[in-house]
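Here's the structure, in structure tokens; my notes come after.
The values are calculated or read from the model by the stated rules, or taken from the named source; none is laboratory data. Computed from a predicted structure; not experimentally measured. Cβ: placed from backbone, ideal geometry, glycine included. Neighbour counts: every protein chain shown. Ligands, DNA and RNA are stripped out before the accessible areas are found, and what is left, the full protein with its side chains, is counted by its heavy atoms. Shrake-Rupley method; radii C 1.70, N 1.55, O 1.52, S 1.80 Å.
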Amino acid sequence: MSTLPVPVESFTSPHKVDYTFVAGTGRSTFLRGLKHRTLLARHCGTCERVYLPAPEFCSRCLVELSEPFELGGSGVVKTFCVVNFPFPGQTIDPPYLVAYIQVDGADTTLMHLIRDVEMSEVHIGMRVEPVWCAEENLDTSMNSIRYYRPIAGGSDA
């Protein structure tokens, strides 16, 4: 019987990748809204899809989306994952829970942390609301929302 070699857990690469992320007009509007505790969506007048966060053009129809409008922030967990393993660059110690959240009024989802609940109690269809950071920490990033938490007694399952 042969024994398996010890698995490779990490390696050093001589390659470095520098990149610049360009949010584009649509998503820049969404990110600027976060600095004011506002979730800005956009609507496609052709297929009626509501995007949050919104690109500039509908991914289905390729038409320019409407002017931004505000959504409340509460929504439903569509799917989730418990992260149990550490990885390089991680800023949160495992275990923690990440979910795709469909904000009320949107047809797309946001990915964010779920907190203030036992992981075993999280389920698809659970109603959640955003917990915003302190005023002085608001910025044009998803960090303006610290996490989502369950809404008492709320479930769409």
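So here's what we get for this one:
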quantity: Loop-located trypsin sites (Lys or Arg not before Pro) in the stretch 41-95 whose Cβ has at most 13 other Cβ within 10 Å (DSSP); calculated: Arg60
quantity: Test item: Cα-centred dipole of the chain, Lys/Arg +1 and Asp/Glu -1 on Cβ, debye; calculated: 200
quantity: CD proxy at 222 nm, helix term only [per DSSP H run n ≥ 4: -39500 (n - 2.57); per residue of the chain; nearest 500]; calculated: -2000 deg cm²/dmol
quantity: Solvent-accessible ranking of Lys35, Lys16, largest area first, probe 1.4 Å; calculated: Lys16, Lys35
quantity: Farthest toward positive dipole pole in the chain [+1 Lys/Arg, -1 Asp/Glu at C-beta], among Cys58, His36, His123; calculated: Cys58
quantity: For the stretch 92-129 versus the stretch 15-63, the gap between their alpha-carbon centres in whole angstrom; calculated: 20
quantity: Chymotrypsin sites (Phe, Trp or Tyr not before Pro) restricted to the stretch 1-91 and DSSP loop, no more than 14 other C-beta within 10 Å; calculated: Phe11, Tyr19, Phe21
quantity: Accessible carbon and sulfur surface of the chain relative to its total accessible area, %, 1.4 Å; calculated: 54
quantity: Angle in degrees between helix 24-34 and the longest Cα principal axis of the chain, rounded to the nearest 10; calculated: 90
quantity: Residue-by-residue Karplus 3J(HN,Hα) for the stretch 36-45, coefficients 6.51, -1.76, 1.60, Hz, glycine and proline x; calculated: 10, 6, 10, 9, 9, 10, 9, 10, 8, x
quantity: Rule-of-thumb Rg ratio for the stretch 51-129 [Cα; 2.2 N^0.38 Å; N residues]; calculated: 1.31
quantity: Intensity falloff of the chain expressed as log10 I(q)/I(0), Debye formula with alpha-carbon point scatterers, at q = 0.08, 0.17 Å⁻¹; calculated: -0.31, -1.07
quantity: Å² of accessible area per residue within the chain, as computed with a 1.4 Å probe and no ligands counted; calculated: 66
quantity: Cα→Cβ-extended label distance, 7 Å offset, between Val6 and Lys78, nm; calculated: 4.4
quantity: Accessible surface of Ser66 - all protein chains present, 1.4 Å probe, nearest 10 Å²; calculated: 40
quantity: q = 0.20 Å⁻¹, the stretch 98-157: log10 I(q)/I(0) [Debye, one scatterer per Cα]; calculated: -0.78
quantity: Under-5 Å amide H pairs with Asp139, H placed in peptide plane, nonlocal only; calculated: Ser144
quantity: Shape of the stretch 29-81, Cα gyration tensor, a/c cut at 1.5; calculated: oblate
